[in-house]
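Beneath this line is the structure, given in structure tokens, with notes to follow.
What follows draws every value from the coordinates through simple rules; no lab data is involved. The structure displayed is predicted, hence computed values, not measured ones. A quick note on method: Cβ atoms are made from the backbone with ideal geometry, for glycine too, and the neighbour counts reach across all protein chains shown.
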Amino acid sequence: MAKIFCVANQKGGVGKTTTTVNLAAGLAKVGQRVLMIDMDPQGNATMGSGIDKRELETTVYDVLLESASVAEARVRAEKCGYDVLGANRELAGAEVEMVALDRREKRLRTALAAVGAEYDFILIDCPPSLSLLTLNGLCSAHGVIVPMQCEYFALEGLTDLVNTIKQVHANLNKNLQIIGLLRIMFDPRITLQQQVSEQLKAHFGDKVFDTVIPRNVRLAEAPSYGLPGVIFDPAARGSQAFVAFAEELVQKMPPASAMAGAAPAPAPIEPPPVAMQDPSSL
Ligand code: ATP
Ligand code: MG
């Protein structure tokens, strides 16, 4: 059975999509069977996997509205080594259309049950909001991976995400837990980033992944070639970090059968006290 993870953070532009496609490619590279689901109407994860969102006839939209199964709607990202359940602008309409429907938070979950045995990992790229689309992702998942930059305001808003995860855990999905925080776009030359990174580790302990993803221009260039960085330039530092992250995840995760039982309620995550700099010390 597949382990199902959402990549979520309601902050925009923190690296969710970059993480999803590169982790998918990294997991495929280390021999895992992967389905990547794009839950964002922007369709960046779809395009970034080399699938033209404008040419897709069936997408995750059809799956949510139950006019197609996952098996019918998925496509193979040949160069990337994983399957894609793609998205395009049509998905923005699903949000409105689903409001009146029953089981609206659980539509993805129901659909995924049919293909769970075909994959080792299912990764869901969430939009930068805590919308019904994100909720469908959270209801389907065993866990959440939270990419974040080591910046002063990075933890702002994390409380909202954690509260949402706690509510989903209490009311809709007893399996859900926070798998970990992933430090991304890290630049060790910036002292503040180092400080925030160390504080994150001290405060959240093993909820922070060991692997750190550096800021690396090759990761930013790759989407314009329709490829994850891991495939576009495997030798780049950022790509190597994502393969290491895939290995860390495979190593740390228990089998999905062990994750299927109810998880304890996520512990509250309060931002650590990031010390204000004294301007006079500059
Ligand atoms: P949104 O909230 O809009 O969905 P997102 O959280 O999915 O955004 P991305 O699209 O993955 O964020 O990344 C935002 C930008 O940062 C992109 O231009 C991406 O190429 C760039 N980027 C992400 N990670 C890195 C990195 N490690 N090094 C350099 N650039 C990066
Ligand atoms: Mg994105």
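How high is the FRET efficiency between E90 and E221 when r is their beta carbon distance and R₀ equals 35 Å, given to the nearest 0.05? For E90 and E221, the calculated efficiency is 0.80.
Restricting attention to the chain, the count of lysine pairs at 8 or more positions apart or across chains with alpha carbons under 16 Å apart stands at 7.
Report the Rg/Rh value for the chain, based on alpha-carbon coordinates and the Kirkwood definition of Rh. List each step's numbers first, then the result.
Values: Rg = 18.1 Å, Rh = 18.9 Å.
Here Rg/Rh amounts to 0.96.
Each DSSP beta bridge with both residues in region 3-255 is either parallel or antiparallel, and the antiparallel ones are about 10%. Using a simple spin-label model with pseudo-atoms 7 Å out from Cα toward Cβ, V30 and A113 lie 3.1 nm apart. As a proxy for reagent exposure, F121, F153, F204 were ordered by neighbouring Cβ count within 10 angstrom, fewest first; the result is F153, F204, F121.
Full extension of the chain segment joining S67 with Q195 gains 41.1 nm, where the gain is 0.36 nm per residue of separation less the Cα-Cα distance. For the pair D187 and A263, the difference between a 0.36 nm per residue extended length and the Cα-Cα distance amounts to 23.9 nm. For region 126-183, trypsin sites (Lys or Arg not before Pro) meeting the loop criterion (DSSP other than H, G, I, E, B) and having at most 15 other Cβ atoms within 10 Å: K174. How would region 62-166 be classified by its alpha-carbon gyration tensor: rounded, prolate or oblate, with rounded meaning a/c under 1.5 and the a/b versus b/c comparison settling the rest? The shape class here is oblate. Tell me whether region 138-249 comes out rounded, prolate or oblate; compute the Cα gyration tensor, take square roots of the eigenvalues as a ≥ b ≥ c, and use a/c under 1.5 as the rounded threshold. Oblate, since a/c reaches 1.5 and b/c is not below a/b. So if R0 is 25 Å, what FRET efficiency would E55 and E97 give, r being the distance between their Cβ atoms, rounded to the nearest 0.05? The formula returns an efficiency of 0.65 here.
Can you list the GluC sites (Glu not before Pro) in region 114-210 that are in a DSSP coil and have 14 or fewer other beta carbons within 10 angstrom? Mind dumping the intermediate values first?
On the way: sites: E118, E151, E156, E198; in loops: E151, E156.
Sites meeting the loop and neighbour criteria: E156.
Each helix, a run of at least 4 DSSP H residues, gives -39500 (n - 2.57); summed and divided by the residues of the chain, these come to -10500 deg cm²/dmol at 222 nm.
Give the shape of region 106-149 as rounded, prolate or oblate, defined through the alpha-carbon gyration tensor: a ≥ b ≥ c are the square roots of its eigenvalues, a/c under 1.5 means rounded, and otherwise the shape is prolate if a/b is larger than b/c and oblate if not.
Oblate shape, in that a/c is at least 1.5 and b/c is the bigger or equal ratio.
Among H203, H142, which comes first, second and so on when ranked by fewest other beta-carbon atoms within 10 Å?
The most exposed by this proxy come first: H203, H142.
Tell me, K79, K207 in order of fewest to most beta-carbon neighbours within 10 Å? Going from least to most buried by this count: K79, K207.
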